[in-house]
1. Quick one: in region 70-98, of everything that is of a type in the set (V, I, T) and under 16 Å from the mean Cα position of the chain (by Cα), which residue is most open to solvent (accessible area, probe 1.4 Å)?
2. With the structure loaded, tell me whether Y67 is open to solvent by 50 Å² or more (accessible area, probe 1.4 Å), within 21 Å of R14 (Cα to Cα) and in a helix (DSSP H, G or I) or whether it fails that test.
3. Where the second residue is surrounded by 15 or more Cβ atoms within 10 Å (Cβ to Cβ) and of a type in the set (K, R) and the first is free of Cβ contacts under 8 Å to residues at least 40 places away in the same chain and lies in region 78-96, which pairs have Cβ atoms under 7 Å and are six or more apart or on separate chains?
4. Does region 42-49 contain at least one residue that is modelled with pLDDT of 90 or more, within 17 Å of R97 (Cα to Cα), open to solvent by 40 Å² or more (accessible area, probe 1.4 Å) and polar (S, T, N, Q)?
5. Under the condition of being of a type outside the set (D, E, K, R), in contact (Cβ under 8 Å) with a residue 60 or more places away in the chain and part of a loop (DSSP other than H, G, I, E, B), which residue from region 23-64 is farthest from S95 (Cα to Cα)?
Amino acid sequence: MKGLGTPAPVFPTRYLVVTGLYRYVRNPMYVAVVAVIVGQGLIFANARVLEYGAVVWLCFHFFVIAYEEPTLRATFGSQYEDFCRGVSRWIPRLSPRAGRNERT
């Protein structure tokens, strides 16, 4: 809602969203998916599920590096660079990034 679009590349957001979970980590949806897979692997003590989680994370990582970040840099420029300096790609912050405009 805040970015006036979707996470899907076919209808991208018009504004850089830096509120909500994005104040803690740049890729909260990918982090959540990998956390669920790894959590299931640990709960069920299943090495194959843990391996699958590692492969999923690696695929997400390559997608983010090769497509998402270059596209966001080209679209939002210095706003995205500032966001990257304040928020980690994969490791969530313990405290939220300092408040910014909802549409920065």
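1. In the first step, residues of region 70-98 are kept if they are of a type in the set (V, I, T); the result is 71, 75, 87, 91.
If we keep only those that are under 16 Å from the mean Cα position of the chain (by Cα) as well, we get 71, 87, 91.
Working: T71: 55, V87: 2, I91: 122 Å².
My answer is I91.
2. yes
3. G86/R97
4. Looking through region 42-49, none of the residues is modelled with pLDDT of 90 or more, within 17 Å of R97 (Cα to Cα), open to solvent by 40 Å² or more (accessible area, probe 1.4 Å) and polar (S, T, N, Q).
5. N27
The values are calculated or read from the model by the stated rules, or taken from the named source; none is laboratory data. From a predicted model like this one, the values you see are computed outputs, not experimental measurements. Note that each Cβ is placed from the backbone with ideal geometry, even for glycine, and that neighbours are counted across all protein chains shown. Accessible surface is based on the protein model in full, side chains and every heavy atom, while ligands, DNA and RNA are left aside. Shrake-Rupley method; radii C 1.70, N 1.55, O 1.52, S 1.80 Å.
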